[in-house]
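Engineer: I'd like to ask some things about the structure below.
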Amino acid sequence: MNSNITTLLFDLDGTLINTNELIIASFTETLNHFCPGKYNREDIIPFIGPTLVDTFSSIDPKRVDEMIAYYREHNWRNHDLLVTQFDGVFETVQTLKQSGYKLAVVTTKKRDVVEKGLRLSNLDQFFEVVVTLDEVEKAKPDPEPLVKALHQLGSVPEEAIMIGDSYHDIMGGKNTGTKTAGVSWSIKGRELLESYHPDYMLEQMADLLSIVEVEKLTEARKK
């Protein structure tokens, strides 16, 4: 099997775009409304990554739908005010696209807000495939969304790297059979990501350019 990397699967939040403050603000508003005084910023950070259903089910199973609706309303209304870009992401993704790599976004967010974020950051032009929470039965770390993205791209796990800022991304890649890359700018901390043993840890997104070249050289030496 040729293991040369042809495909890059990216998480969105905290990886391609900086939605950390938006997410924290949306959780803060929601939790202050439904559970006043119970949660601070440090309590909220672990909620970044899992689906809203998983998070709110663990807080109040009887009011999950209400909490999700409240969260999403705040998130949508404040999206463009609070979302920022990470240095070097646009340039790196642009270079990968121009170099012929297949690119996809695999996220636990719903499509409407995903498209909003990609448009805001001007990254929408680079991704031929976007797999969102709306389109799968099981979210990361289950392999389903990654397998769906690979199928739509005409790729296989052995040719792909999953890049993300949470254990859902690293374990999703491992469960699918791709290589994995964690991002050191994860709000949850580099050490937590490293504990899941990704194949690579990115100091900056541009590190991907070197990684795919190393993969090419490694494969060439096998021939």
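The values are calculated or read from the model by the stated rules, or taken from the named source; none is laboratory data. Please read all numbers here as calculations on a predicted model, not as lab measurements. Every residue, glycine as well, gets a Cβ built from its backbone with ideal geometry; the counts of neighbours run over all protein chains shown.
Engineer: Does residue 135 satisfy the condition of being charged (D, E, K, R), out of contact with any Phe, Trp or Tyr (no Cβ under 7 Å at 6 or more places or on another chain) and within 22 Å of residue 208 (Cβ to Cβ)?
Structural biologist: Considered against the rule, which asks whether it is charged (D, E, K, R), out of contact with any Phe, Trp or Tyr (no Cβ under 7 Å at 6 or more places or on another chain) and within 22 Å of residue 208 (Cβ to Cβ), residue 135 comes out as no.
Engineer: When you look at residue 7, is it in contact (Cβ under 8 Å) with a residue 40 or more places away in the chain and crowded, with 17+ Cβ neighbours inside 10 Å, yes or no?
Structural biologist: yes
Engineer: Turning to a different aspect of this structure: Which members of the stretch 80-100 meet the condition of being assigned to a loop (DSSP other than H, G, I, E, B) and more than 14 Å from residue 13 (Cα to Cα)?
Structural biologist: Within the stretch 80-100, 87, 88, 99, 100 meet the criteria.
Engineer: Still on this structure, I have one more. Within the set of pairs 6+ apart or on separate chains, which have a first residue in the stretch 164-182 that is more than 19 Å from residue 151 (Cα to Cα), a second that is of a type outside the set (Val, Ile, Thr) and in a helix (DSSP H, G or I), and C-beta atoms under 6 Å apart?
Structural biologist: 182/193
Yes or no, residue by residue, for (1) over 18 Å from the mean Cα position of the chain (by Cα); (2) of a type in the set (Val, Ile, Thr); (3) closer than 21 Å to residue 186 by Cβ:
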position: 39; (1), (2), (3): yes, no, yes
position: 47; (1), (2), (3): no, no, yes
position: 89; (1), (2), (3): no, yes, yes
position: 99; (1), (2), (3): yes, no, no
position: 105; (1), (2), (3): no, yes, yes
position: 125; (1), (2), (3): no, no, no
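Engineer: So, one more: Does the stretch 108-118 contain any residue that is modelled with pLDDT of 95 or more and more than 19 Å from residue 76 (Cα to Cα)?
Structural biologist: no
Engineer: Moving on. Before we move on, is residue 131 over 14 Å from residue 14 (Cβ atoms), more than 13 Å from the chain's Cα centre (by Cα) and of a type in the set (Val, Ile, Thr)?
Structural biologist: no
Engineer: While we're on this one: With the structure loaded, tell me whether residue 34 is touching a Lys or Arg at 6+ places or on another chain (Cβ under 7 Å) and not charged (D, E, K, R) or whether it fails that test.
Structural biologist: Against the criterion (touching a Lys or Arg at 6+ places or on another chain (Cβ under 7 Å) and not charged (D, E, K, R)), residue 34 qualifies.
Engineer: Anything in the stretch 182-198 that is of a type outside the set (Phe, Trp, Tyr) and in contact with a Gly (Cβ under 8 Å, 6 or more places away or on another chain)? List them, or say none. Steps first, answer last, please.
Structural biologist: Looking only at the stretch 182-198, we keep the residues that are of a type outside the set (Phe, Trp, Tyr), and these are 182-184, 186-195, 197-198.
Hits for the stretch 182-198 are 182, 183, 186, 187, 188, 190, 193, 194, 198.
Engineer: If you don't mind, another one. Are any residues in the stretch 12-45 touching a helix residue (DSSP H, G or I) at 6+ places or on another chain (Cβ under 8 Å), surrounded by fewer than 22 Cβ atoms within 10 Å (Cβ to Cβ) and acidic (Asp, Glu), and if so, which ones?
Structural biologist: 21, 29
Engineer: Filter the stretch 62-110 for residues that are under 21 Å from residue 163 (Cβ atoms) and small (Gly, Ala, Ser) and give the result.
Structural biologist: Selection gives 88, 99, 100, 104.
Engineer: For residue 74, indicate whether it is surrounded by 14 or more Cβ atoms within 10 Å (Cβ to Cβ), outside any loop (DSSP other than H, G, I, E, B) and either touching a residue at least 12 places away in the same chain (Cβ under 8 Å) or of a type in the set (Phe, Trp, Tyr) (or both).
Structural biologist: yes
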